[in-house]
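The values are calculated or read from the model by the stated rules, or taken from the named source; none is laboratory data. Keep in mind that what you see is a predicted model, and the values were worked out from it rather than measured. Cβ atoms come from the backbone with ideal geometry, glycine included; neighbour counts cover every protein chain shown.
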Amino acid sequence: MPQPQPTIAVVTGGAGFIGSHTVDQCLARGMRVRVIDNLSGGRLANLAQHRDEPGLTVEERDIRSYQPGDPLFRDADYVFHFAGIGDLVPSIERPLEYMSVNVQGTVHMLECARHAGSVKKFVYAASSSCYGLAEVPTAEEHPIRPEHPYALSKNLGEQACFHWRKVYRLPLNSIRIFNAYGTRSRTSGAYGAVFGVFLKQKLAGKPFTVVGDGSQTRDFLYVTDVARAFVMAAETPLAGRIWNVGAGNPQSVNRLVELLGGEVVYVPKRPGEPDCTWADIARITADLGWKPQVSFEEGVANVVANIDYWRDAPLWDPESIARSTASWFAYLGGQ
Ligand SMILES: NC(=O)c1ccc[n+]([C@@H]2O[C@H](COP(=O)([O-])OP(=O)(O)OC[C@H]3O[C@@H](n4cnc5c(N)ncnc54)[C@H](O)[C@@H]3O)[C@@H](O)[C@H]2O)c1
C-alpha cells in the first residue's frame, strides 16, 4: 500500500514570533515544514526546540529573492505568509522598505505559490491596523483607513492576495491579527509593542513607560491562539475569506501594568493610534469554530515565566522614546 504523503507547509517568517508558534503547531500535526526567514527580526533560537526534527528545514533568505519555480515551494500544500516588517513606528521614516518587503515580498510569495501548482491554501497575516481609528467592536466590513505606512503596506499585501485569487484563482484566506502577545515576541531595536517594552523595563527594575494615561485598551490575543487560527484557516475547505482574530475582550494598558507590577512614568499619546482596539470575532467563530482559549491573566503569567527571553531587548525610557517617535509626531501630529 502506498503511504499517504505528509502535508507540506511553507512558513515565511517562521523564525519570528507568530511564525515560530505556527511551525510548532504544524509539526505537531505531522506536517513537514519549510521555513523561509532572513532573520532580520526573527531568531533561529525560536525554532531551537525542533533542532532534531527531520520534518523541519530552514532557508535563511529574503522573500524577495524567490522566483516562481523555486524548489522550496515544490509540492507545497499550504503557505503561511508571516514574513514582513512588523514594527509600526519606523514605517513613518522608511516607507520604501515597508512597501518593498510587505507588498512586493508578498507578491513574490504569491507568484511562487501559484507556480507550484500544488498549493491548497495560502494564508496571509494581515493587520487590524487597516481599520485605522475604527468604530468598535470592529467587524471585517469596517472601512479601510490606514493611518501610517505600516498599515498601508499590510493592506496592500492583502489586496495583492485577493488579486491573485481573482486573476489566478489561488485559494487563500487572510487573517487580520489584532494585538498578538506571548513568548518569543519581537525584541528588535525598534520602539513598539507594549509587551516587549514593559518586560525589559521590568527586568531592569525601571518604570513602565505608559502611553497617555494607560486607560487605552487593546485586544490582546495570546500567540498560540493566533497560530491555531492560521492552521484552521489553511485546513478549512473555505477560501476567499477575511477573518478578524482577536480575543474580543480588550484590556487596558493599566490592567497590564497591574498584572506585571511596578512603577510607571507617562509618555505622550501618539496621534493616529486608536484608544481602543476590539475585534468582532463572530465571523471566524461561525465559519471555523475558532475561539480564544488562553485568558489574559494566563497569557501574561506565561510571558512573565519566560521573562529572561527579553534580557537582550532594548531598554526604553521617556527620552529615548521621544527621540524615536519624533518623526511620527511631526508627520501625524498636525492632522
Ligand atoms: N504581532 C502582531 O500583533 C501582529 C499584528 C498584525 C499583523 N501582524 C503580522 O504578522 C506577521 C508576523 O508578525 P510577528 O509579530 O510574528 O513579527 P516578527 O518580526 O516576529 O516576524 C516576522 C518574521 O519575518 C522575517 N522577515 C522580515 N523581513 C523578511 C524578508 N524580507 N525575508 C524573509 N524574512 C523576513 C523576520 O526575520 C521575522 O522572523 C507580520 O507580517 C506582521 O505584520 C502581526
note = Of (1) in a helix (DSSP H, G or I); (2) modelled with pLDDT under 95, Q5 satisfies every one except (1)
remark   = Restricting attention to segment 82-98, the residues that are within 12 Å of the ligand (Cβ to nearest atom) and either charged (D, E, K, R) or surrounded by fewer than 21 Cβ atoms within 10 Å (Cβ to Cβ) (or both) number exactly 2
request  = Check R34 against each of (1) out of contact with any Leu (no Cβ under 6 Å at 6 or more places or on another chain); (2) within 14 Å of the ligand (Cβ to nearest atom); (3) more than 14 Å from F230 (Cα to Cα) and name the one condition it does not meet.
outcome  = (1)
ask   = Quick one: is G189 at pLDDT below 95 and crowded, with 22+ Cβ neighbours inside 10 Å?
value = no
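Does K200 satisfy the condition of being outside the structural domain of P68 (by TED's automatic domain parsing) and of a type outside the set (A, V, I, L, M)?
Numbers: outside the structural domain of P68 (by TED's automatic domain parsing): yes; of a type outside the set (A, V, I, L, M): yes.
Criteria met by K200.
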query = How about segment 176-187: which of its residues are under 13 Å from D312 (Cα atoms) and more than 7 Å from the ligand (Cβ to nearest atom)?
reply = R184, T187
key: Residue tally, condition surrounded by fewer than 21 Cβ atoms within 10 Å (Cβ to Cβ) and touching a strand residue (DSSP E or B) at 6+ places or on another chain (Cβ under 8 Å), over segment 1-30   = 3
request  = Only residues that are at pLDDT below 95 and assigned to a loop (DSSP other than H, G, I, E, B): list them for segment 77-114, please.
outcome  = G86, D87, L88, E93
remark   = Reported set for segment 265-303 where residues are surrounded by 15 or more Cβ atoms within 10 Å (Cβ to Cβ) and closer than 25 Å to L203 by Cβ is V267, R270, V294, F296, G299, V300, N302, V303
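Within segment 253-287, work out how many residues are of a type in the set (G, A, S) and either touching a helix residue (DSSP H, G or I) at 6+ places or on another chain (Cβ under 9 Å) or on the phi > 0 side of the Ramachandran plot (or both). Explain how you work it out, then say what you get.
Just the residues of segment 253-287 that are of a type in the set (G, A, S), to begin with: 261-262, 272, 279, 282, 286.
Adding the requirement that they be either touching a helix residue (DSSP H, G or I) at 6+ places or on another chain (Cβ under 9 Å) or on the phi > 0 side of the Ramachandran plot (or both) leaves 261-262, 272, 279.
Here the count works out to 4.
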query = Given the structure, is R74 near the ligand (Cβ under 9 Å from one of its atoms) and not acidic (D, E)?
reply = no
key: Residue satisfying all of: in segment 269-280; assigned to a loop (DSSP other than H, G, I, E, B) and within 17 Å of the chain's Cα centre (by Cα); nearest to I321 (Cα to Cα) among these   = T277
ask   = Since S65 meets every condition but one in (1) near the ligand (Cβ under 10 Å from one of its atoms); (2) surrounded by 13 or more Cβ atoms within 10 Å (Cβ to Cβ), which condition does it not meet?
value = (2)
message = Here is a check on your reading of the model: is V231 touching a strand residue (DSSP E or B) at 6+ places or on another chain (Cβ under 7 Å) and either modelled with pLDDT of 95 or more or among the acidic types (D, E) (or both)?
response = no
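Count, please, the residues in segment 188-247 that happen to be among the polar types (S, T, N, Q) and more than 21 Å from I85 (Cα to Cα). It would help to see each step written out before you state the result.
We begin by selecting, within segment 188-247, every residue among the polar types (S, T, N, Q); these are 188, 201, 209, 215-217, 224, 236, 244.
Applying the additional criterion that residues be more than 21 Å from I85 (Cα to Cα) yields 201, 209, 215-217, 236.
Within segment 188-247, residues that are among the polar types (S, T, N, Q) and more than 21 Å from I85 (Cα to Cα) number 6.
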